[in-house]
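In what follows, a single structure is set out as structure tokens and then discussed.
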Amino acid sequence: MLGGGGSIQLGRIFGIRIGASPSWFIVLFIMIFALSSYFSDAVTDASSTTAYVLAVAGAALFFVSLILHELGHALVARRSGIGISGIDLWFFGGLAKMTRDTASPGEELRVAAAGPLVTLVIVGACLAFGATTEAFTQDGETTPAQALLGWLAVVNGFLLVFNLVPAFPLDGGRIARAAAWKLTGDRGRGTRFSARLGEGFAYLLIGLGIYLAFTDDPINGLWFAVLGWFLGQAARSAVVTSRFTERLEGVTVADVMDAEPVWVPGDEPAARVEDEFFARYRWPWFPVADPASGQFHGLVTADRVEAAIAGGQPEAPARDLVEPRPADDGDAVSVRSDAPIEHLLGSEGLRSRGALMVVDADGRLAGVVTLDQVRRALTAAAPTRLT
């Protein structure tokens, strides 16, 4: 689902950064407050302490289920060769941030369907465990475990059904986009089809929110209206983006890159790298490649070179000093020369470093593409007015 900007890191799972925006903490507080009252009524003879503990556990498990849902998307995307820069929790759910869009209808379908499948498993597990605990109860009393599992099953069931609505950017909308993309052979048309459905669904949510706000449920009314507004904004943005990316069709990284980057030979000793490159150009990093084959090794930074020299290793070859690659590939340092330029639009590495190294199909250094070069290409492709 949609996500916000900056977030606070909560941890890492499978090398993927898990973060939460400040709005998530607001939701967490509201949910614990509301669930305390719910469990106080749902559990037979529950004390205020029991209800509060169940509320905290329920809120925590709910957000764990959201993380698992997004991990489903992320892990399938990673298997398809799409980098994941992280998962963020925010006011309306979670977002697995991919470094590029999917490249085929099948890839889109697999990534979109992975999250709902995980949620379906969670619902099934809650119902199964709930049935097990029910077998040990007497006199029809609702136990804390039954109340907690029952609530978790219901809320995940609701999210599953809601998320499968064929309206972009919900998972159901992405599945609809995959189907339309497959039928028409045109990703742009598939995106616009599902995004128009998303706009229609957003108007329904806003209408429902307004109705509830002026009847007897103003809190939920406001929530539905704001959610509808966010979904509508995302859907409209998808329409604009699809038309824009069509104008970039056929443009590859090789078309905009600098084919003569300054690079460090892999066998160059640290002392010479400092003198001949960092002291001369004053750049924070350089690409390192094999002097004979041109094979790209990675990036070497001034800090790593200085540390090697200070540690008594002035002869350490540059190839041994390159930065280790992140496990989740979310901060990629290179891109294929034949990759569509639109794949750079979501690149964390390009945003953070200002440039990516370009390699050919065999992993040889072919050039460098900078953020300014990409911006110029986008400016040239931008229509006078996007509608």
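All of the numbers you see were taken from the coordinates with simple rules; none came from a lab. In this text, all values refer to a predicted model and were calculated from it rather than measured experimentally. All Cβ positions, glycine included, derive from the backbone under ideal geometry; neighbour counts span all protein chains shown.
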Problem - Whole-number percent relative contact order across the chain, with pairs defined as alpha carbons under 8 Å at least 6 apart - result: 13
Completion exercise
Tilt, helix 105-134 to longest principal axis of the chain (alpha-carbon atoms), in degrees rounded to tens, equals 40
Exercise for the section: Positive end of the charge dipole of the chain (Lys, Arg +1 and Asp, Glu -1 on Cβ, about the Cα centre): tell me which of LEU164, LEU205, THR132 has its Cα farthest that way. Expected result: LEU205
Practice task
Determine, from the Cβ-Cβ distance of ARG280 and SER104 and an R0 of 45 Å, the FRET efficiency 1/(1 + (r/R0)^6), rounded to the nearest 0.05.
Solution key: 0.50
Fill in the blank from the handout: Residue span ARG272 to SER80: 0.36 nm per residue of separation minus Cα-Cα distance leaves a gain in nm of 65.1 nm
Handout entry: Leading residue at positive end of dipole, the chain (Cβ point charges), from ILE122, SER194, ILE309
Key = SER194
Problem - Mean separation of Cα contacts under 8 Å, 6 or more apart, over the residue count of segment 8-164: relative contact order % - result: 23
Fill in the blank from the handout: Two pseudo-spin positions, 7 Å from Cα along C-beta at PHE29 and at ALA307, lie apart in nanometres by 3.9
Exercise for the section: With label points built 7 Å along Cα→Cβ from the Cα atoms of GLU315 and ARG189, find their separation and express it in nm. Expected result: 6.6
Completion exercise
In the chain the DSSP beta bridges are antiparallel at a rate, in percent to nearest 5, of 75
Exercise for the section: Starting from the Cα of VAL240, move 7 Å in the Cα-to-Cβ direction to define the label point; list residues of segment 150-194 whose amide nitrogen is under 16 Å from there. Expected result: 169, 192
Practice task
With a cut-off of 20 Å, note down the residues of segment 241-284 whose backbone N falls inside the zone around a label point 7 Å from the Cα of SER352 toward its beta carbon.
Solution key: 283-284
Handout entry: segment 229-297: relative contact order in percent, alpha carbon pairs under 8 Å with at least 6 residues between
Key = 26
Fill in the blank from the handout: Counting sequence-distant residues (5 or more places) and residues on other chains, those with an amide H built under 5 Å from that of GLY19 are LEU10, ILE87, ASP88, LEU89
Exercise for the section: Kindly express, to the nearest 10 degrees and within the range 0 to 90, the angle between helix 48-79's C-alpha long axis and the longest C-alpha principal axis of the chain. Expected result: 40
Completion exercise
For segment 8-164, the dipole about the Cα centre with charges only on Cβ (Lys and Arg +1, Asp and Glu -1), to the nearest 20 debye, works out at 800
Exercise for the section: Give the angle, between 0 and 90 degrees and rounded to the nearest 10, that separates the Cα long axis of helix 22-42 from the longest principal axis of the Cα atoms of the chain. Expected result: 20
Fill in the blank from the handout: Placing each pseudo-label 7 Å from Cα in the direction of the beta carbon, GLN233 and THR215 end up separated by a distance in nanometres of 2.7
Problem - Alpha-carbon spread of segment 182-247, three principal axes, descending order, Å - result: 47, 21, 11
